[in-house]
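Notes follow the structure.
The values are calculated or read from the model by the stated rules, or taken from the named source; none is laboratory data. Every value quoted in this text rests on a predicted model; they were computed, and no experiment measured them. Using ideal geometry, Cβ is built from the backbone for each residue, glycine included, and neighbour counts are taken over all protein chains shown. SASA here: full protein model, heavy atoms, side chains in, ligands and nucleic acids out. Shrake-Rupley method; radii C 1.70, N 1.55, O 1.52, S 1.80 Å.
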Amino acid sequence: MKTVMMKAKDLCKSFANNGGQNHVLDMVGLEIYEGDFTVIMGSSGAGKSTLLYVLSGMDKPTGGEVYYRERRISHLKEKEMAALRAGEFGFVFQQAHLVSNLTLLENVTVAGYLNKHKSGKEIKQRAEELLTRMNVEKAMHRLPSQVSGGEAQRAAIARAMIHEPGLLFADEPTGALNKRNTQEVLNLLTGLNADGQNILMVTHDIKAAIRATRLLYLEDGKVIGEMSMQPYCQEDAKSREKQVDAWLASMEW
């Protein structure tokens with residue numbers, strides 16, 4: 001039986017809109033399990049990114065509750081939430097959002113300084129090891145403007161992993177990449193999950209979604225379907241794509 005690491009209960013998020021309320025999340029209930037590569041899919045405007053931000057504490061829910069490792073986090077004060085994000089959560093977005101005047105190595109090490117339990121030497125060593133694993137060791141001393149989009153995104157993954165997060169959030173991490181760089185980023189994320197990293201990713205790309213061990217489908221702010229799969233294997237990619245495509249068709253995607 002899988003261990004629940006994150007849970008949402010009756011989660012709601014609304015925004016004011018021309019005097020009314022736009023209900024983006026509507027009584028969402030879900031569980032995220034230890035060891036999973038969970039992917040959230042759904043049509044444009046379904047609330048996928050909003051759900052990711054509310055679960056991670058980057059945005060406050062209008063109603064409902066979020067629990068992380070049995071601790072209710074949805075009503076934490078901002079200082080407490082910031083400490084939790086810095087220690088337990090990693091974030092990768094569609095754009096790398098690297099600091100332009102810092103090298104890739106400096107971008108990763110600066111993020112590592114948020115962890116006050118490690119020395120500067122330990123942080124730099126881990127940053128170098130992560131950038132090497134992300135296949136950007138030859139570019140680690142270059143500025144973001146001097147590397148490709150794929151290299152910048154892989155450096156962003158290293159930055160997200162510098163403090164060994166319990167849960168890695170990824171919002172369309174391959175959305176701005178070409179086919180080759182997309183495959184490299186997906187291979188890295190799959191490898192991290194195989195090594196035990198918990199991942200929660202939003203995507204609209206079927207080729208990204210087939211990397212999941214669990215798929216959730218969001219429609220009109222509600223989770224209306226889910227599907228579980230075995231860990232990704234390259235040899236099964238085509239059959240997994242057909243399986244996910246059929247599932248999405250059943251969701252009327």
The stretch 108-153 pair-distance distribution - Cα-Cα, 10 Å bins, rounded %: 28, 49, 22, 1
Non-local residues with an amide H under 5 Å from the amide H of Met5, with H modelled 1.01 Å from N and Pro and chain starts lacking one, are Ile32, Tyr33, Glu34
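At 1.4 Å probe size, put Ser56, Ser250 in order of accessible surface, largest to smallest.
In descending accessible area the options line up as Ser250, Ser56.
Given contacts defined as C-alpha pairs under 8 Å and at least six residues apart, what's the relative contact order of the stretch 141-239, whole-number percent?
On the way: 83 pairs, mean separation 21.4, N = 99.
Over the stretch 141-239, the number comes to 22 percent.
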From a point 7 Å beyond the Cα of Ala176 in the direction of its Cβ, which residues of the stretch 141-164 have a backbone N at a distance under 20 Å? 141-162
Residue by residue through the stretch 64-70, which ³J(HN,Hα) values in whole Hz follow from phi under the Karplus form 6.51 cos²θ - 1.76 cosθ + 1.60 (θ = phi - 60°), with glycine and proline marked x? x, 9, 10, 10, 10, 6, 6
Using each residue's phi in the stretch 138-144, evaluate 6.51 cos²θ - 1.76 cosθ + 1.60 at θ = phi - 60° and report the 3J(HN,Hα) Karplus result to the nearest Hz, with x for Gly and Pro. 6, 10, 5, 9, 9, 7, x
Förster radius 22 Å - calculated FRET efficiency between Asp205 and Ser239, Cβ distance, rounded to 0.05: 0.80
Based on a Kirkwood Rh over C-alpha pairs, give the Stokes-Einstein translational diffusion coefficient of the chain at 10 °C and viscosity 1.306 mPa s in µm²/s. 84 µm²/s
Against the globular-protein guess of 2.2 N^0.38 Å, express the Cα radius of gyration of the stretch 196-248 as a ratio, rounded to two decimals. 1.12
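Tell me the GluC sites (Glu not before Pro) within the stretch 3-80 that lie in a loop according to DSSP and have at most 13 other beta-carbon atoms within 10 Å. Provide the component values of the computation, followed by the final result.
Details: sites: Glu31, Glu34, Glu65, Glu70, Glu78, Glu80; in loops: Glu34, Glu70.
Sparse-neighbourhood loop GluC sites (Glu not before Pro): Glu70.
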Calculated Rg and Dmax of the stretch 1-107 using C-alpha coordinates, Å: 15.6, 47
Quick one: if you stick a label point 7 Å off each Cα along the C-beta vector at Ile224 and Phe15, how many nm between them? 2.1 nm
If you fit an axis through the alpha-carbon atoms of helix 78-88 and take the longest principal axis of the Cα set of the chain, what angle between them do you get, 0 to 90°, nearest 10? 70 degrees
Applying 1/(1 + (r/R0)^6) with R0 = 25 Å to the Cβ-Cβ distance of Glu80 and His117, what FRET efficiency is obtained, to the nearest 0.05? 0.90
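How high is the relative contact order of the chain, given as a whole-number percent (alpha carbon pairs under 8 Å, six or more residues apart)?
Values: 456 pairs, mean separation 63.5, N = 253.
Taking the mean separation of contacting Cα pairs over the length of the chain, I get 25 percent.
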Of Val28, Val92, Val108, which has the largest mean-square fluctuation in a 10 Å C-alpha GNM of the chain? Val28
Expressed as an acute angle from 0 to 90° and rounded to the nearest 10, what is the orientation of the C-alpha long axis of helix 120-133 relative to the principal long axis of the chain? 70 degrees
Angle check, please: helix 149-161 long axis (alpha carbons) against the longest principal axis of the chain (alpha carbons), in degrees 0 to 90, nearest 10. 80 degrees
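Taking the Cα centre of the chain as origin, sum charge times position over the Cβ atoms of Lys and Arg (+1) and Asp and Glu (-1), and report the length of that vector in debye to the nearest 20.
Details: 31 positive and 31 negative charges, 125 e Å.
Result for the chain is approximately 600 debye, rounded to the nearest 20.
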Just from its helices, what would the mean residue ellipticity at 222 nm be for the chain, if runs of 4 or more DSSP H residues each count -39500 (n - 2.57) and the sum is divided by every residue, rounded to the nearest 500 deg cm²/dmol? -11000 deg cm²/dmol
Inter-label distance, nm, simple model (7 Å from Cα along the C-beta direction), Leu102/Ser44: 3.4 nm
